[in-house]
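Structure first, commentary second.
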Amino acid sequence: MSRDHSALGRELDLFDTSPLVGPGLPLWLPDGGVVRGELERFALELSLRSGCRRVHTPVLAKRGLFERSGHWQKFAADMFPPVRVGDEDFVLRPANCPHHTQVYAARPHSYRDLPVRYAELGSMFRSELSGVLVGLRRVRQISLDDAHVFCRPDQVVAEVRTALDAIREAYAVLGLEIRRLRLSVRGPGGGHLGDDDRWQRAEDQLREALGDDEHEIGVGEAAFYGPKIDVQVADAAGREETLSTVQVDHVQPERFDLHYVGEDGRRHRPVMVHRALLSSMERLVAMLLERDGGRLPFWLAPVQLRLLPVSGDRHGEHARALAARFAGVRVDVVDDGPLPRRIRDARARRVPVVAVVGDAEVAADALAIGRPAVRVPLAQVQARLAEAVRHREAGRIRFD
Ligand SMILES: [Zn+2]
């Protein structure tokens, strides 16, 4: 069984590329669209539950926005070249943060309103060269489950903890294990924006938020505008990679001259907490696919239940009527071809629950599930699957 997510994605009809569209720009096919739709819905629920409000911002902006943020200075080599329109340069964004500073700046804020939290499943762009592009792991357009919190300095630690809690909750649902937390700090070589004092403060706040949580230090792994906590997971080969991040940033609020009105009636500088809970849709799906050889958690499977009539002629109609009785579950019926082949195909598709319908099952209002087959009353299957959908279950669905 192949564990490479690109091969799995093609084999399972989840995504593909087109030479006309170009490398590093994967196309999500309808089954991949189901997986991504579920993840996006989950990401949205999670962000709303942790206090975010949703915003929408454009994928491009005047070059000046990124000069101000520092991206142009630090990151230009990874950005697509500017497009000239009239007498202005526009660029595809390499990150969503600068746009979110302008959402914040669009309205005045008082100390009483903070924190404000903006969430957006935003697209950002990297001008990676063709040679390094791999499936969903190295792509030119990244869809990040992103949020930015603007808060008072005394709220930073609680905000970082809230983000870490939301990450733990998300991983439990996805069946992902955190291998370790990494506190990523500046390297000795410089290359970061902002003064030492701001960096030290941000590091101290992250340390305080981590508290007794075990973590390692990643020297030189910080973002150019601030230190961060990286949530490290193991890929299928046991290699460690960063999935989610929480960053504390005292630099961008300064560069964009953001402020709020304090209790003393004067202008104060907010702190920005960047948080990516589920990481990017691309990286997350690559990871989930490779982890279990293409077998996705039940709640993400494009088809969750496949019904196989023993004979299309005799039981096909009945199976289709049954399919309609599973509200909220993705069910299909395949009645074309020999049964053993259809069973093999369903396994190859990693359909989590495969049920056979023959004379005995029609008579008993039941389904024959698994190998060796167990006859399970229909009402029990309905109840079990409805529960698995409701709880977003990741594990194998059993009926014994
Ligand atoms: Zn950000």
C-alpha long axis of helix 156-174 to longest principal axis of the chain, angle in °
20
Through the Karplus equation 6.51 cos²θ - 1.76 cosθ + 1.60, θ set to phi - 60°, convert the phi angles of the stretch 78-94 into ³J(HN,Hα) values in whole Hz; use x for Gly and Pro.
9, 9, 5, x, x, 10, 8, 10, x, 10, 10, 9, 10, 10, 6, 6, x
Lys/Arg Cβ at +1, Asp/Glu Cβ at -1, dipole of the stretch 298-390 taken about the Cα centre: which of Pro309, Pro372, Leu339 is farthest positive-ward?
Pro372
Where does the chain land at 222 nm, in deg cm²/dmol rounded to the nearest 500, when only DSSP H runs of n ≥ 4 count, each adding -39500 (n - 2.57), divided by all residues?
-10500 deg cm²/dmol
Given Cβ charges of +1 for Lys and Arg and -1 for Asp and Glu, the option among Pro108, Tyr118, Gly70 whose Cα lies farthest towards the positive end of the dipole of the stretch 5-291 is Pro108
Distance from the stretch 57-127 to the stretch 246-263 (C-alpha centre basis), Å
15
Charge-dipole axis of the chain as Lys and Arg at +1 and Asp and Glu at -1 on Cβ define it, positive-most pick from Gly22, Leu133, Tyr225:
Gly22
Would you work out if the stretch 1-93 is rounded, prolate or oblate? Take a ≥ b ≥ c from the square roots of the eigenvalues of the alpha-carbon gyration tensor; rounded if a/c is under 1.5, else prolate when a/b is larger than b/c, oblate otherwise.
oblate
In whole Hz, the Karplus estimates of ³J(HN,Hα) for the stretch 387-400 (6.51, -1.76, 1.60; θ = phi - 60°; x where Gly or Pro) are 5, 5, 5, 4, 8, 6, 6, 9, x, 5, 8, 10, 10, 8
Rg and Dmax [Cα atoms of the chain; Å; Rg one decimal, Dmax integer]:
24.5, 80
Would you mind classifying the stretch 298-390 by shape? Square roots of the alpha carbon gyration tensor eigenvalues, ordered a ≥ b ≥ c; an a/c under 1.5 is rounded, otherwise it is prolate if a/b is larger than b/c and oblate if not.
oblate
Tell me the trypsin sites (Lys or Arg not before Pro) within the stretch 239-343 that lie in a loop according to DSSP and have at most 12 other beta-carbon atoms within 10 Å.
Arg239, Arg266, Arg325
Count neighbours as other Cβ atoms within 10 Å of each site's Cβ, and list the trypsin sites (Lys or Arg not before Pro) in the stretch 1-59 that are DSSP loop with at most 15 such neighbours.
Arg3
So, for the Cα atoms of the stretch 108-216, Rg and Dmax in Å stand at 17.1, 50
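Using R₀ = 56 Å, calculate the FRET efficiency as 1/(1 + (r/R₀)^6) where r is the Cβ-Cβ separation of Arg112 and Arg239; round to 0.05.
For R0 = 56 Å, the calculated efficiency reads 0.75.
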Pull up the DSSP beta bridges for the chain and report the antiparallel fraction as a percent, rounded to 5.
75
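For the stretch 188-235, which GluC sites (Glu not before Pro) are in a loop by DSSP, counting at most 10 other Cβ atoms within 10 Å? Write out the running numbers ahead of the final one.
Values: sites: Glu203, Glu208, Glu214, Glu216, Glu221; in loops: Glu214, Glu221.
Taking the stretch 188-235 and a limit of 10 other Cβ atoms within 10 Å, the loop GluC sites (Glu not before Pro) found are Glu214.
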For the stretch 131-284, what are Rg and Dmax over the alpha carbons, in angstrom?
16.2, 56
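Any read-out appearing in this document is the output of simple, stated calculations on the displayed coordinates, not a laboratory observation. The structure displayed is predicted, hence computed values, not measured ones. Don't worry about glycine lacking a Cβ; one is built from the backbone with ideal geometry, like all the others, and counts go over all protein chains shown.
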